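K.L.:
Handing you a structure now.
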Amino acid sequence: MKRFGMDLDELAEKAAGAARLEDWDEQFGALTVVFQECGERANAYFDPRFAARQFVRECVKEFQAERADMKGELINA
């Protein structure tokens, strides 16, 4: 379970990093790599489909949160 949490944190941080990219094409490319890595890492677990869903869900949540934070910073600047 510790490994799952570490994988989840690492993937979420990569998704947040993708959100910080300025260019949409770069964001898309970075997210594509993150989602591929979600699938690859999920294969190491007993239930890969469950693990992949959890990884992708967390990555999407972190990406959206980072974009919202950035948008808020721009509005408040």
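Just so it is clear, none of the values below were taken in a lab; they were calculated from the coordinates. Model, not experiment: these values are computed from the prediction. Please note: Cβ atoms are built from the backbone with ideal geometry, for glycine as well, and neighbour counts cover all protein chains shown.
K.L.:
With the crude spin-label approximation of a point 7 Å out along Cα→Cβ, what separation in nm comes out for Gln36 versus Asp23?
P.N.:
So the label points at Gln36 and Asp23 sit 1.8 nm apart.
K.L.:
Here's another thing I want to ask about it. Scan (i) 11.5, 30; (ii) 16.5, 55; (iii) 13.4, 47 for the value of Rg and Dmax of the Cα atoms in Å calculated from this model and give just the label.
P.N.:
Checking each listed value against the structure points to (iii).
K.L.:
Leaving out same-chain residues fewer than 8 places away, which lysines sit with a Cα under 29 Å from that of Lys2?
P.N.:
Partners found: Lys14, Lys61.
K.L.:
Next question. Taking the Cα centre as origin and putting +1 on Lys and Arg beta-carbons and -1 on Asp and Glu beta-carbons, what dipole magnitude results for the chain, to the nearest 20 debye? Spell out each step's value before the answer.
P.N.:
Numbers: 11 positive and 16 negative charges, 86 e Å.
It comes to approximately 420 debye.
K.L.:
For the chain, what does -39500 (n - 2.57) per DSSP helix run (n ≥ 4), summed and divided by total residues, give at 222 nm, in deg cm²/dmol to the nearest 500?
P.N.:
-30000 deg cm²/dmol
K.L.:
Ala44 to Asp69: extension gain in nm, 0.36 nm per residue of separation minus the Cα-Cα distance?
P.N.:
5.7 nm
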